[in-house]
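Notes follow the structure.
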Amino acid sequence: MTNRRQFVSAASAAFAGISRGLAGATKYDLVVKGGRVVDPSRKLNAIRDVAIADGHIVAVEANISADAAETMDARGKLVVPGLIDIHTHATRTADGPALCLADGVTGLIDAGSQGADRIDQAIAVARSAPQQCRVLINIGRAGILPEGDTMDLARADVTAAREAIGRNRDMIAGVKARLSRDVAGPNDFEVLRRAQEVASSFNLPVMIHMGQTLSPLPKLLALLKPGDIVTHMFAPAPNSIIDEAGHILPEVTAARRRGVRFDLGNGRTGHLRWDIAEHVLKAGFLPDTFSTDWTPEARTTQVINFPNVMSKFLMLGMSIDLVVACATVNAADLFPVFRNRGTLKVGAPADVAVLELREGNFEFVDNFENKRTGSRRLFPSATVLAGKRVAASAAPAA
Ligand SMILES: [Zn+2]
């Protein structure tokens, strides 16, 4: 049954569609004008206008002159697909997702903040997020614990995790296993085996938090299947992805070859050290994805925001196109919820991040207090989500 209100709204939607075709009527809802569009999904890096209608990208061309309800001046700025951050802890606070959105993040994953016991809390925040937001369930049923998520092996509870996923198939996008010695201790291998047991019964990926494990990395990598993700890929020894001579471990290369993805996971302690990142990049082993490991506390130190994290890899010599790819199209590829996102191709949902690439002297700090100075830094400037400009009041101070 169609009630009157549904009929009226369907009729007005149809009229809006027709009116777009009439001379003099507004053709687009929003045109982002004059920015440098960097869209690695289409190997595009050029000055373009981006036209949006009905929440979707409808044209990416030079000098779009048709009438638009609103225009956004992006001259001198970068216009990139909405950023996708696959490792955050944004569901820890109710406003986490909105804060990330103001940084240009239009898709995010909370990576294991909660386990089976309190997954409903994380899911409630993810559901009310303005952008696409999903969670990874921590295999440790109590979530992240200061004394170590799975130091007590009984917390890696397969039945509890399966039951939680069964109740929330639409919101749980994978399983997180944190494996460092201060998190899982000597249980790392068994914890990962159990995470895999849970994930494979739902055909979901596992994300492992690598670095400083008791088990050798190759032993852990052997348990990973195509589509699984290794976060904190630049963690220093013990159990780094490179050996003392600076060579990538053959098991790491083999894991990538069979479809395991390698992710940054910036964070604040123990994960990122400049010399390791430099050696890994020099060896030609580029990250598949960037992620911030964002927490509310990290907004003032090291992480700051996603564009700042991306800037560190400009400093380390990656091109702007590669840096944007790691934060957009490559990340979208990992989770079905982001299908058709991470791109500005015509027909895609109109999620757009406008960034400012400033020149100057910018200090970046790794997780070990080492400081380096870069000559360029990206700052969030404006965000468009599903064709709508995110309120300026939410935009962060530069
Ligand atoms: Zn994390």
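Within the range 292-307, the set of residues being in contact (Cβ under 8 Å) with a residue 60 or more places away in the chain, away from the ligand (no atom under 11 Å from the Cβ), closer than 17 Å to Ala102 by Cβ and surrounded by 20 or more Cβ atoms within 10 Å (Cβ to Cβ) comprises Asn305, Phe306, Pro307.
Being of a type in the set (S, T, N, Q), in contact with a strand residue (DSSP E or B) (Cβ under 7 Å, 6 or more places away or on another chain) and assigned to a helix (DSSP H, G or I), is that true of even one residue in the range 283-305? The answer is no; no qualifying residue exists. If you go through the range 347-368 and keep only what is touching a residue at least 24 places away in the same chain (Cβ under 8 Å) and loosely packed, with under 14 Cβ neighbours inside 10 Å, you end up with just Gly347. Does Gly347 meet the test of being out of contact with any Lys or Arg (no Cβ under 8 Å at 6 or more places or on another chain) and under 22 Å from Val105 (Cα atoms)? Judged against the criteria, Gly347 is a match. Hey, can you tell me all the residues within the range 306-344 that are among the small types (Gly, Ala, Ser) and in a loop (DSSP other than H, G, I, E, B)? Gly317, Ser319, Gly342, listed by residue number.
For the range 260-282, which positions are assigned to a loop (DSSP other than H, G, I, E, B), within 16 Å of the ligand (Cβ to nearest atom) and at negative phi? Answer for the range 260-282, where residues must be assigned to a loop (DSSP other than H, G, I, E, B), within 16 Å of the ligand (Cβ to nearest atom) and at negative phi: Leu264, Asn266, Arg268, Thr269, His271, Leu272. Residues in the range 315-333: is at least one closer than 18 Å to Gln131 by Cβ, surrounded by fewer than 24 Cβ atoms within 10 Å (Cβ to Cβ) and modelled with pLDDT under 95? No: the range 315-333 contains no residue that is closer than 18 Å to Gln131 by Cβ, surrounded by fewer than 24 Cβ atoms within 10 Å (Cβ to Cβ) and modelled with pLDDT under 95.
Could you tell me whether any residue of the range 71-81 is under 30 Å from Leu153 (Cβ atoms), at pLDDT 95 or above, surrounded by 19 or more Cβ atoms within 10 Å (Cβ to Cβ) and among the β-branched types (Val, Ile, Thr)? Checking the range 71-81: not a single residue is under 30 Å from Leu153 (Cβ atoms), at pLDDT 95 or above, surrounded by 19 or more Cβ atoms within 10 Å (Cβ to Cβ) and among the β-branched types (Val, Ile, Thr).
Considering the range 56-94, and only residues there that are more than 19 Å from Ala327 (Cβ to Cβ) and in contact with a helix residue (DSSP H, G or I) (Cβ under 8 Å, 6 or more places away or on another chain), the residue that is farthest from the ligand (Cβ to nearest atom) turns out to be Ala94.
Filtering Ala102, Ala122, Ala98, Ala111 for residues that are modelled with pLDDT of 95 or more, touching a helix residue (DSSP H, G or I) at 6+ places or on another chain (Cβ under 8 Å) and under 30 Å from Asp157 (Cα atoms) leaves a single hit, Ala122. Selection of first residues in the range 256-285 that are of a type outside the set (Phe, Trp, Tyr) and of second residues that are part of a helix (DSSP H, G or I), restricted to Cβ pairs under 6 Å at least 6 apart or on distinct chains, gives the following pairs, ordered by first then second residue: Asn266/Val309; Arg268/Ala298. Look at Leu99 and say whether it is within 15 Å of the ligand (Cβ to nearest atom) and either within 24 Å of Thr269 (Cα to Cα) or among the β-branched types (Val, Ile, Thr) (or both). Taking the combined requirement at face value, the residue does not satisfy it.
The values are calculated or read from the model by the stated rules, or taken from the named source; none is laboratory data. All figures in this text were calculated on a predicted structure; none of them were measured in a lab. We place every Cβ from the backbone using ideal geometry, glycine too, and count neighbours over all the protein chains shown.
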